[in-house]
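Since the structure comes first, as structure tokens, the remarks are kept for the end.
Laboratory data are not the source of any read-out in this text; all were calculated from the coordinates shown. The structure displayed is predicted, hence computed values, not measured ones. Glycine also receives a Cβ, built like all others from the backbone with ideal geometry; neighbour counts cover every protein chain displayed.
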Amino acid sequence: MPKSPKAAAAVAERSRLAVRKTYKLYVGGKFPRSESGRTYLVDGDNVALASRKDARDAVLAARAAQPKWAGATAYNRGQVLYRIAEMLEARRSEFVALGVGAAEVDAAIDRWVWYAGWSDKIAQVAGNANPVAGPYFNISSPEPTGVVGVVAPGSLLGLVSVIAPAIVTGNTVVVVASTPQAAITLGEVLATSDVPGGVVNILTGKAAEIAPWLASHDDVNAIDLSGVGDAELATELERAAAGTLKRVVRPAPGADYTTDPGTGPMIELLEIKTVWHPKGF
Amino acid sequence: MFEYAPAPESRSIVDLAPSYGLFIDGEFGEAKDTFKTINPADEEVLAEVALAAPEDVDRAVAAAKRAFKSWSALPGSERAKYLFRIARIIQERSRELAVLESLDNGKPIKESRDTDLPLVAAHFFYYAGWADKLKYAGFGPDPRPLGVAGQVIPWNFPLLMLAWKIAPALATGNTVVLKPAETTPLSALFFADICRQAELPPGVVNIVTGAGDTGRYLVEHPDVNKVAFTGSTEVGRQIARSVAGTGKRLSLELGGKAANIVFDDAPIDQAVEGIVNGIFFNQGHVCCAGSRLLVQESVADEVLSSLKRRMGTLRVGDPLDKNTDIGAINSAAQLARITELSEIGAAEGAERWSPPCDLPDRGFWFAPTIFTGVTQAHRIAREEIFGPVLSVLTFRTPAEAVEKANNTPYGLSAGIWSDKGSRILAVADKLRAGVVWANTFNKFDPTSPFGGYKESGYGREGGRHGLEAYLA
């Protein structure tokens, strides 16, 4: 693996036929082809075109992984997210070679670091003790909402900016990505970062084809429409989500992912649980 | 056992008019059509109430929109003082409002007097204090109101649900059009009078009475910026669908099928009180009612015999009698639903039991009922009955209890009874529910956020978290 753009150029100069990468899906920690056998052409690569069945398989993987991921300590999840930043840093040149701006890759790395630090702090910011009028211990704490379907924005930084806030708190995600090569390369970063299989699942393909199955899926708790550009599709997905009263993160047209995301993206995918217990000698 | 002498609360403290109009822009006005609201305990008509038509809702929303400009521009400290005023007036009129609530709803005066009304006043006090402190609430340095809030509330806690909706909306600078439930419109109309007494600016609170169509028209109104609904999951789904694509903010507090889990080391007497409170409080017309009792097999017989003995002492009858434990079912329609699901429970093979109790001849009544031998496949274990009917299931291990408790599309509340602290905390962690009561049940407080996971809705009401639903 070339260590710098310079080294990459040196490799390119050698008179040797390059070994190309096959871009498949990232589901359950593995890189399967679409069960449909379909591919589509993106910048000269045949990329897996995910199907309804792939979406369902990905939800199964995400659901299976969720309790253990949520049950890991916040400290542990933070370590894993920091490891993602380390691995992304190591593969920086690969993303640049895919045409992602160097500054954007750096921002994406830094975003993982930022969210890594949130893992054991968000509960202190989003939860609190409640001074009820009686002899009761009463505390409200955030918990992950569960499995989140995500229609990702079409940039590496956008992609990281929707995955990281979902998983840092213990959710697992099924992502529909519109930048297949960068998304699957990010999948390779995740696969080598101690992220348990199934925590992040990445489908490449058409949002209009796959997202409705996620929006109406009974075992999906929330749907993030950040990357949905088409207002009609967004409305259709929000309506489908109403069937099981999924939490809906509405589309963010013109969102600037270079700015401070704030706590909103995490809080939108959290549930508040309030526990009461009497006090007494 | 001693007999109880009748201890009726006087209804003379409530001065009911023969008819009530809509409260729009600070004035009561008539509508073209009216409907009657009855006392469910004797089916007597209490008053005639205006049925808001679309044009009435239009007027109410327009008034709220006009009022929003000045209300949202008012310093928070001034908004706070209006809310403090309202809270005080509620306290001063609480006996009248408690009797009114029991008349229109059928709930025992003991509950409207000791639970509903104190919580209503406390809720206004709590959010009054937030009005000038919003920048400290953790929602950014400059939290802004959303605009006009369209709010639709249920019939089980009419005035309390009004307080849960209106207090945070006004504290955050929003204005309100509220539709009370069809069968319990009166306390909201008395609240309108309280707004006038408090000299709340016209249009800040508007009350439109009516049925489902009125509510639908309100939540779909293009000038409504925020929708808040408490009611059934089915209607919640319809509202979520209708709001899709509009950009309106939405909070939903919907149905439940709470598990009340009793472990073998639980203090049995306290647990039995908790079970009774969990399912028979407010005739079981409670979205967070502990309607599924999960009892550990080794103590099931002991718990059930103690529960049956306790149920035998419950007094069912006149809601205005201070000794009444279980009042009237709120409506004929609700009674029919409870009756139907109970018949299905028996038909599906569960064993039905009620203590002997005389029910009044007139009005809507249902004896406290438990079903034993219930499995998770039974409809009475899956569907919200919203009545005084408890389904009893058993379990052997904590893991099985958690599995069964979570085996429902709902996730509003849950109960845990155990003497072992580590077990309580571990089980509380695993329950997918917005409120977990450990060694207690059905406790509410304005500082404590309330709301569900999964199909029990989204958003929280109460506490600091309750502000979020009304802030941009």
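Here are the numbers:
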read-out	value
Around B:Y126: net Lys/Arg minus Asp/Glu count, Cβ-Cβ under 11 Å	0
Inter-chain Cβ neighbour average for residues B:234-243, partner chain, 10 Å	3
Using a Förster distance of 30 Å, the FRET efficiency for B:S10-B:Q376 (Cβ separation, nearest 0.05)	0.05
Angle in degrees between helix B:421-430 and the longest Cα principal axis of chain B, rounded to the nearest 10	60
Neighbour net charge for B:G29 - beta-carbon separation under 12 angstrom, K R +1, D E -1	-3
Cβ-derived FRET efficiency at R0 51 Å, B:I268 paired with A:S36, nearest 0.05	0.30
All aspartates and glutamates inside 15 Å of A:K68 as judged from Cα atoms, apart from same-chain residues fewer than 8 positions distant	A:E143, A:D194, B:D429
When each of B:K322/B:K420; B:K69/B:K135; A:K206/B:K404; B:K133/B:K248 is checked by Cα-Cα distance, pairs over 30 Å	B:K322/B:K420; A:K206/B:K404
Options A:W276, A:N130, A:G197, ranked by Cα towards positive dipole end of chain A, top entry (Cβ charges)	A:G197
Cα long-axis angle, helix B:54-73 against chain B (0 to 90 degrees, to the nearest 10)	70
Alpha carbon convex hull of chain B, volume per residue in cubic angstrom	136
FRET E, pair B:A332, B:E48, Förster distance 22 Å, beta-carbon r, rounded to 0.05	0.75
Cα centroid separation, segment A:75-94 to segment B:21-44 (Å)	63
DSSP beta bridges in segment B:259-438 [antiparallel fraction, %, rounded to 5]	10
Partners for B:K165 among aspartates and glutamates (Cα-Cα distance below 15 Å; same-chain residues under 8 apart left out)	B:D116, B:E253, B:D445, B:E461, B:E468
Number of partner chain Cβ atoms within 10 Å, mean per residue of A:263-271	2
Extension gain (nm, one decimal) between B:R66 and B:R196, 0.36 nm per residue minus Cα-Cα	45.0 nm
Principal-axis tilt of helix B:186-197 within chain B, Cα atoms, nearest 10 degrees	40
Order of A:R56, A:R20, A:R239 - criterion: other Cβ atoms within 10 Å of each residue's Cβ, fewest first	A:R20, A:R56, A:R239
Aspartates and glutamates with Cα under 14 Å of A:K21, excluding same-chain neighbours fewer than 8 positions away	A:D43, A:D45, A:E94, A:E188
Where the Cα pairs of segment A:23-278 fall when distances are cut into 10 Å bins, in %	8, 32, 37, 17, 4, 2, 0
Segment B:226-248 versus segment A:128-204: alpha-carbon centroid distance in Å	26
Label point distance in nm, B:D33-B:N323, each placed 7 Å from Cα along Cα→Cβ	4.5
Simple spin-label estimate for A:K53 and A:T22 in nanometres, 7 Å along Cα-Cβ	1.7
